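No lab work stands behind these numbers, since they all come straight from the coordinates. This is a predicted model, so every value here is computed, not measured. For neighbour counting, all protein chains shown are included, and Cβ atoms are generated from backbone atoms with ideal geometry for every residue, glycine included.
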Amino acid sequence: MAADRTNLPGTASSAGGGGKDIAVIGSSNMDLITYITRMPSEGETVEAPDFAMGFGGKGANQAVSASRLGSRVLMLTRVGNDLFAQSTIENYRRNGIDTDLVLPTQAASGVAPIFVDEESRNSILIVKGANALLTPEDVLRAEEDIASCRLIVLQLEIPLETVYEAVALGKRHSIPVLLNPAPAQPDLELEKVRDCQYIVPNESELSLLTGMPVDSLDDVRNAAAVLLEVGIANVIVTLGSRGALWMTRTEDRLIPGVAVEARDTTGAGDAFIGCFGHFLVSTGDTAASLEMANRYSADSVTKRGTQSSYASKEEFEQILR
Ligand code: ATP
């Protein structure tokens with residue numbers, strides 16, 4: 001079997017019965033985006049030119065991008081008991097995502113105050129809220145539904161124990177698991193995620209995971225090799241405008257980025273993962289899916305906002321022409 005093929009029978013949206021293509025187990029947040037000319041210093045008040053609210057959370061973003069491209073997505077997440085919860089659920093529905101496992105919680109919804117400057121650099125705060133209350137038991141209760149999916153996608157905005165339980169579930173049911181180790185978590189135990197088929201860090205997450213430098217592409221390769229040593233089959237490092245590096249025990253491939261005029265890179269990593277998951281489930285071809293993910297996420301950085309910058313299937317087909 002070619003190294004870039006996974007055991008993913010059929011094509012996206014062709015699975016029979018009530019099965020879905022992708023189970024995303026992760027966070028829902030409301031993004032509170034302030035466009036700034038500069039950050040205020042301590043004690044200073046600075047006027048900012050613009051503000052917008054948007055749906056976010058790494059889990060939600062990845063679910064929305066995969067669903068917009070045509071994957072059938074199940075979302076396991078917790079929302080709070082405030083103004084943001086109902087609109088979050090409505091947003092999932094609008095995007096065609098199954099909300100049976102969007103669980104209301106006696107807590108505040110997760111929120112993410114985001115600051116974007118004139119050079120498109122972003123700084124992000126995360127208030128976990130209800131996301132911190134998604135438990136391993138929630139995963140176990142949803143086992144049957146998750147087990148009917150063909151790919152599990154995880155990030156680190158929920159408790160690590162919940163992530164580990166989902167990895168174990170994937171292993172039990174022979175479902176490939178893709179872990180996006182973001183935001184970087186020093187406490188992540190690599191041994192407990194070694195059964196993931198894919199790990200997709202950006203450079204700083206890779207450096208934190210391995211304790212190694214990532215100053216050059218060779219540094220990135222050496223650090224990625226550590227994750228392969230742990231037992232993870234595919235390491236994909238996103239490199240911003242330079243694209244992504246894909247490494248397995250037999251592959252070492254740089255998939256170059258697509259040159260665009262970047263306007264707002266917020267959520268580019270999530271666009272990349274949702275798109276990669278969609279095409280991986282559709283085709284089983286890792287390299288081709290990474291090329292698509294580069295193109296999809298490059299398009300997203302040309303637009304403002306997070307989910308609002310993710311193209312639909314039809315828009316993406318236009319871009320590919
Ligand atoms: P973010 O935190 O902003 O969501 P990230 O740090 O998780 O992003 P990056 O490696 O910066 O992830 O970007 C993910 C992917 O998005 C890249 O692999 C690339 O395909 C695409 N991308 C990001 N920035 C650019 C850019 N300026 N031009 C073209 N493509 C880009």
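Put one equal scatterer on each alpha carbon of the range 157-213, apply the Debye formula with no solvent term, and list log10 I(q)/I(0) at q = 0.12, 0.15, 0.29 1/Å to two decimals.
Debye curve over Cα of the range 157-213, log10 I(q)/I(0) at q = 0.12, 0.15, 0.29 Å⁻¹: -0.26, -0.40, -1.29.
Among bridges DSSP assigns within the chain, what percent are antiparallel (round to 5)?
Details: 21 of 48 bridges.
Of those bridges, close to 45 percent are antiparallel.
Evaluate the distance, in nm, between pseudo-label points positioned 7 Å from the Cα of Gln185 and of Ala52 along their respective Cα→Cβ axes.
Each label point lies 7 Å from its Cα, and together they span 3.0 nm.
Quick one: dipole size for the range 163-321, taken about the Cα centre, charges +1 on Lys/Arg Cβ and -1 on Asp/Glu Cβ, in debye to the nearest 20. Don't skip to the end; give the middle numbers.
Details: 14 positive and 22 negative charges, 65 e Å.
The dipole of the range 163-321 has a size of about 320 debye.
Between Arg38 and Leu83, what is the label-point separation in nm under the 7 Å Cα-to-beta-carbon projection?
3.2
Can you tell me the Rg and Dmax of the range 203-290, counting just the alpha carbons, in angstroms?
Answer for the range 203-290, Rg first and Dmax second: 13.2, 38 Å.
Within the set of other residues whose C-beta is less than 13 Å from the C-beta of Pro213, count the net charge using Lys and Arg as +1 and Asp and Glu as -1. Spell out each step's value before the answer.
Numbers: positive: Arg221; negative: Glu203, Asp215, Asp218, Asp219.
Residues near Pro213 contribute -3 overall.
Based on the Cβ-Cβ distance from Glu90 to Lys192, what FRET efficiency comes out when R0 is 41 Å, to the nearest 0.05?
Efficiency computed from Cβ-Cβ geometry: 0.70.
In a shell of Cβ-Cβ distance under 12 Å around Pro49, excluding Pro49 itself, what net charge do Lys and Arg (+1) and Asp and Glu (-1) give?
Surrounding charge for Pro49 is -3.
Among Phe272, Phe279, Phe51, what is the fewest-to-most ranking by other Cβ atoms within 10 Å? Mind dumping the intermediate values first?
Working: Phe272 28, Phe279 24, Phe51 10.
Lowest count first: Phe51, Phe279, Phe272.
Would you mind checking the radius of gyration and Dmax of the range 69-206 based on alpha-carbon positions, in Å?
Expressed in Å, the Cα Rg and Dmax of the range 69-206 come to 15.6, 47.
How long are the semi-axes of the equivalent ellipsoid of the chain, defined as square roots of 5 times the Cα gyration tensor eigenvalues? Whole Å, largest first.
Numbers: eigenvalues 145, 115, 80 Å².
In descending order the semi-axes read 27, 24, 20 Å.
Mind sorting Ile319, Ile232 by how few other Cβ atoms lie within 10 Å of their own Cβ, fewest first? All intermediate terms of the calculation are to be shown ahead of the outcome.
Details: Ile319 12, Ile232 22.
Result, fewest neighbours first: Ile319, Ile232.
Could you tell me which of the pairs Lys20/Lys171; Lys192/Lys313; Lys192/Lys303; Lys171/Lys303 are separated by over 26 angstrom between their Cα atoms in the structure shown? Intermediate results must be reported in sequence, preceding the final value.
On the way: Lys20/Lys171 18 Å; Lys192/Lys313 35 Å; Lys192/Lys303 37 Å; Lys171/Lys303 38 Å.
Too far apart for the 26 Å limit: Lys192/Lys313; Lys192/Lys303; Lys171/Lys303.
Within 10 Å of each residue's Cβ, count the other Cβ atoms and sort Phe316, Phe84 from fewest upward.
Fewest-to-most ranking of Phe316, Phe84: Phe316, Phe84.
Assuming R0 = 51 Å, what is the FRET efficiency of Ile319 and Thr135, from their Cβ-Cβ distance, to the nearest 0.05? Mind showing how you got there, number by number?
On the way: r = 40 Å, r/R0 = 0.78.
E(calc), rounded to 0.05, equals 0.80.
Between Arg263 and Val226, take the C-beta separation as r, use R0 = 22 Å, and let me know the FRET efficiency to the nearest 0.05.
On the way: r = 35 Å, r/R0 = 1.58.
FRET efficiency, Arg263 to Val226: 0.05.
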